[in-house]
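Read through the structure below, which is laid out as structure tokens, and then see the notes.
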Ligand SMILES: Nc1nc2c(ncn2[C@@H]2O[C@H](COP(=O)(O)OP(=O)(O)O)[C@@H](O)[C@H]2O)c(=O)[nH]1
Ligand SMILES: [Mg+2]
Ligand SMILES: [Zn+2]
């Protein structure tokens with residue numbers, strides 16, 4: 001019996017990397033680092049399906065073919081739906097400083113989703129090489145109080161990549177963002193190999209490269225994993241009551257206690273400390289605009 005982690009699931013097999021290679025009598029097949037395992041019926045009976053990222057117990061089967069069986073799922077810290085993966089520590093939300101320009105509505109949807117999932121966020125603006133300093137300052141300013149760590153990178157000249165790698169150390173990080181911003185390029189820089197297909201080559205070579213369609217934990221250091229995802233250009237708001245939304249905007253933290261009404265949602269109420277702070281330029285107007293627009297959307301949603 002050994003312990004390990006599922007890095008990939010494909011066609012009924014789970015690819016498990018052992019916590020400690022020494023405990024196993026034989027090396028995995030095909031020179032890789034993972035053992036090809038099936039899951040025994042026990043999980044199906046409990047209605048539990050192993051997820052990529054799950055920590056498991058597994059044993060090698062007696063056949064010569066170095067396959068194994070996942071025999072137990074260890075407790076999960078958390079699990080995400082999109083991508084479907086367990087035991088994630090943080091999210092790396094990637095946008096480009098330009099080409100394509102950041103879309104504030106979409107960016108704020110990503111931040112909200114991560115906040116609702118209790119995932120700490122590194123907000124990474126890539127393609128730093130294309131931006132003027134003022135543009136970067138504006139982005140920094142805009143998300144300063146959004147409860148995220150802001151970072152800039154460029155895959156063209158490698159700036160910010162080493163620091164980013166440090167920020168991922170010892171963690172499992174899921175990557176999110178629209179397409180074309182350099183997600184796969186960054187994952188490739190971090191893993192030091194061409195693990196992911198990037199925009200430029202995708203039309204030319206389809207075969208033999210991994211696309212970002214299936215979920216896989218990529219090992220970028222002994223205990224650091226990253227999950228590339230396909231980019232989405234739209235994102236549904238999470239399932240929230242409109243009145244709950246304000247809790248997920250860290251900009252309001254300092255002020256909401258001073259609103260006249262306990263139940264203040266900071267939209268139309270009199271004596272609202274949050275809106276007063278906004279008027280005094282204490283936090284980003286653009287972020288507040290997203291707040292109000294999400295609030296209306298959640299209100300509308302309730303009606304149907
Ligand atoms: N100028 C510039 N281009 C980049 C940078 N990073 C990625 N690209 C280019 O942006 C395009 C999209 O990159 P890709 O990694 O496929 O983006 P993804 O769709 O988010 O995975 C490709 O043509 C990359 O070569 C960068 O830092 N600077
Ligand atoms: Mg990609
Ligand atoms: Zn208020």
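Please treat every number below as a calculation from the coordinates, not as lab data. Everything numeric here is computed off the predicted structure, so don't read it as measured data. Positions of Cβ are backbone-derived with ideal geometry, glycine not excepted, and every protein chain shown enters the neighbour counts.
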Exercise. With the chain treated as a Gaussian network of Cα nodes joined by springs under 10 Å, which of 247, 171, 115 yields the largest mean-square fluctuation?
Worked result: 247
Seminar exercise, completed: Taking Cα atoms, the helix 285-302 axis meets the longest principal axis of the chain at an angle in degrees (rounded to 10) of 70
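Kindly put 228, 162 in sequence by how many other C-beta atoms sit within 10 Å of each C-beta, fewest to most. Before the final figure, lay out each step's value.
Working: 228 27, 162 12.
Fewest to most other Cβ atoms nearby, the residues stand as 162, 228.
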Seminar exercise, completed: Taking only the alpha carbons of the stretch 242-303, the radius of gyration and the largest Cα-Cα distance, Dmax, both in angstrom, are 11.1, 35
Exercise. Gap in Å between the Cα centre of the stretch 68-94 and the Cα centre of the stretch 140-186?
Worked result: 21
Exercise. Taking every DSSP beta bridge that has both residues in the chain, what percent is antiparallel when rounded to the nearest 5?
Worked result: 50
Problem set entry | Cα centroid separation, the stretch 264-278 to the stretch 101-125 (Å) | 24
For this session: Mind telling me which of 192, 68, 147 comes out most flexible in a GNM of the chain, alpha-carbon contacts under 10 Å?
Result: 192
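Among DSSP beta bridges whose residues both lie in the stretch 80-228, state the antiparallel percentage, nearest 5. Walk me through the intermediate numbers first.
On the way: 4 of 21 bridges.
So the antiparallel bridges in the stretch 80-228 amount to around 20 percent.
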Seminar exercise, completed: Exposure-ranked with fewest Cβ neighbours within 10 Å first, 215, 81 stand as 81, 215
Seminar exercise, completed: Computed over the chain: longest principal axis from alpha-carbon atoms vs helix 133-142 long axis, angle to nearest 10 degrees, is 80
Problem set entry | Length-normalised contact order of the chain in % [C-alpha pairs under 8 Å, at least 6 apart] | 14
Exercise. Cα axis of helix 104-116 to longest principal axis of the chain: angle in degrees, 0 to 90, nearest 10?
Worked result: 60
For this session: Calculate, in whole percent, how much of the Cα-Cα pair population of the chain lies beyond 28 Å.
Result: 47
